[in-house]
Ligand code: C2O
């Protein structure tokens with residue numbers, strides 16, 4: 001195993017997009033930032049120098065961080081942010097996982113421009129499928145002409161969601177359909193008759209995306225750095241945070257073909273927040289072309305297509321790092337996830353703007369809207385036994401009875417008032433945990449992509465309507481459920497995950513729509529140390545940033 005070392009200079013740079021110059025915060029001046037490539041078993045050492053005017057942290061999305069919770073990166077959860085002028089070295093070993101992950105800033109909305117691919121190659125030297133001719137990361141993103149920190153501050157002050165982005169992007173580029181973007185459209189040069197692997201990453205802040213290439217089919221072989229049974233489809237669907245590895249065979253008439261990504265909006269009757277589309281071009285044999293062939297994308301609200309994609313994936317039993325589903329459960333949790341409202345004014349003031357509204361949007365788990373601490377991270381408070389930072393009293397069951405298919409039938413105004421608190425769930429080392437996420441759909445059009453740090457999990461079931469505790473578990477897949485780190489909980493539906501808490505630390509579990517994370521759709525799973533040194537979190541590195 002090797003030590004792979006990188007330097008990340010986080011700094012403001014000027015880039016030209018959509019006909020104008022913009023100042024953005026980026027790593028080493030690039031958008032996307034550097035692709036990191038390691039082999040399973042390697043130790044990754046990244047020296048982050050914050051030369052930007054903002055607080056910064058970097059999170060290694062999907063990396064288990066076994067006994068290295070201090071390197072996980074979410075601000076105020078495992079560390080205080082790196083202040084302007086400060087630095088921190090993330091040092092961790094990548095074990096028992098391989099595939100496509102990514103890294104991104106984990107503070108404010110900064111990940112809009114601070115992100116990149118993290119590729120873990122198999123230590124065996126080969127995949128459980130024929131070796132592709134070549135591999136390419138395809139990172140889908142979202143671009144704002146406005147400063148993203150201002151955008152977040154303003155949305156919070158108003159108690160609303162942020163404005164729509166101004167473009168979607170493929171590898172940082174908006175593509176042909178946006179103004180002044182044609183010349184820098186992302187182009188993938190391929191030769192005829194080969195099989196390529198595309199490592200798709202949804203780095204967008206607030207949108208699920210459909211991805212398609214004209215006239216071509218994909219074979220999905222992995223999601224979230226976990227191998228799947230080969231699944232053939234002509235469209236991939238990714239929620240923010242998710243990755244999908246697909247094989248693409250260049251078996252069509254040599255020419256040029258558009259690849260497209262655009263939003264998927266889950267709720268049938270919700271107006272599309274944005275119907276713009278980003279493009280790239282697949283070019284065979286460097287042939288000259290005039291107009292590439294355009295694919296048809298599903299309708300913006302094509303839930304059947306999206307649901308078929310996400311519910312058809314299964315894990316590849318016996319592939320590297322595969323493991324069986326826990327069946328003896330120590331913790332069985334039913335957590336509601338959703339948007340509602342809360343009153344403005346102390347202790348939930350919507351501040352800083354004239355005409356203060358009386359209600360703000362609030363997002364919650366079991367009616368607790370997560371408030372990030374400010375004086376110490378949760379992990380430091382846990383490790384050093386500091387009280388007053390969080391309480392370990394997040395309810396295991398919803399506090400109120402509720403009909404999720406028809407909120408009007410529920411005698412339940414309290415669910416619509418989710419107040420802020422820093423409530424976490426504490427579990428014993430090695431506990432087997434099941435969480436049923438039930439979407440509450442009071443407001444909102446999107447699936448909630450729930451992401452757990454420090455682990456991946458089996459998705460044993462998902463469906464629409466109210467979770468039925470008697471009949472739905474009978475339909476669980478306990479044989480080869482897909483293994484992911486981010487699951488889109490359907491609007492007006494539910495999803496059940498299972499994992500074994502074999503990694504001590506503080507692990508944020510949150511909606512990967514940044515708009516919802518900001519509104520409080522998060523909690524933390526604090527996992528105690530085990531009985532031996534190999535199950536005990538070591539003390540923090542000396543350069544851990546302080547608040
Ligand atoms: Cu990709 Cu907590 O994040």
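Throughout, read-outs are computed from the coordinates displayed, never taken from laboratory work. Owing to the predicted nature of the structure, the values given are computational and were not obtained by experimental measurement. Here Cβ is always computed from backbone atoms with ideal geometry, including for glycine, and neighbour counts include all displayed protein chains.
Compute the Cα gyration tensor for region 127-319, then decide on rounded, prolate or oblate, letting a ≥ b ≥ c be the square roots of its eigenvalues: rounded whenever a/c is under 1.5, prolate when a/b is larger than b/c in the other cases, and oblate in all that remain.
It comes out oblate by the Cα gyration axes.
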Quiz item: Out of the DSSP beta bridges found with both residues in the chain, what percent are antiparallel (nearest 5)?
Solution: 70 percent
Quiz prompt | Potential extension, residue 308-residue 478 segment - 0.36 nm per residue separation minus Cα distance | solution = 59.3 nm
Quiz item: Taking a ≥ b ≥ c as the square roots of the eigenvalues of the Cα gyration tensor of region 443-546, is the shape rounded (a/c under 1.5), prolate (a/b larger than b/c) or oblate?
Solution: oblate
Self-check item: Sequence of 151, 296 once ranked by neighbouring C-beta atoms within 10 Å, starting from the fewest
Solution: 296, 151
Quiz item: When DSSP assigns beta bridges and you keep just the ones with both residues in region 127-319, what percent turn out antiparallel, to the nearest 5?
Solution: 75 percent
Exercise. Find how much the distance from residue 232 to residue 290 grows on full extension, using 0.36 nm per residue of separation minus their present alpha carbon separation; answer in nm with one decimal.
Key: 17.9 nm
Quiz prompt | Inter-part distance where region 70-147 and region 483-526 are each reduced to a Cα centre, Å | solution = 17 Å
Quiz prompt | Mean projected area in nm² (Cα convex hull; one quarter of hull surface) for the chain | solution = 24.0 nm²
Quiz item: On the first, second and third principal axes, largest extent first, how far apart are the outermost C-alpha atoms of region 14-162 in Å?
Solution: 50, 36, 28
Quiz item: By counting other Cβ atoms within 10 Å of each Cβ, how are 80, 184, 19 ranked from fewest to most?
Solution: 19, 184, 80
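What is the order of 182, 212, fewest Cβ neighbours within 10 Å to most?
182, 212
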Quiz item: In deg cm²/dmol and to the nearest 500, what is the mean residue ellipticity at 222 nm of the chain if only DSSP H runs of at least 4 residues count, each as -39500 (n - 2.57), divided by the residue total?
Solution: -1500 deg cm²/dmol
Quiz item: Which of rounded, prolate, oblate describes region 68-143, given a ≥ b ≥ c as roots of the alpha-carbon gyration tensor eigenvalues and a/c under 1.5 marking rounded, otherwise prolate only if a/b is larger than b/c?
Solution: oblate
Quiz item: Cα-based Rg (one decimal) and Dmax (whole number) for region 100-151, in Å?
Solution: 15.8, 47
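Viscosity 1.306 mPa s, temperature 10 °C: give me the Stokes-Einstein translational D for region 214-299 in µm²/s, with Rh taken as the Kirkwood radius over C-alpha pairs.
108 µm²/s
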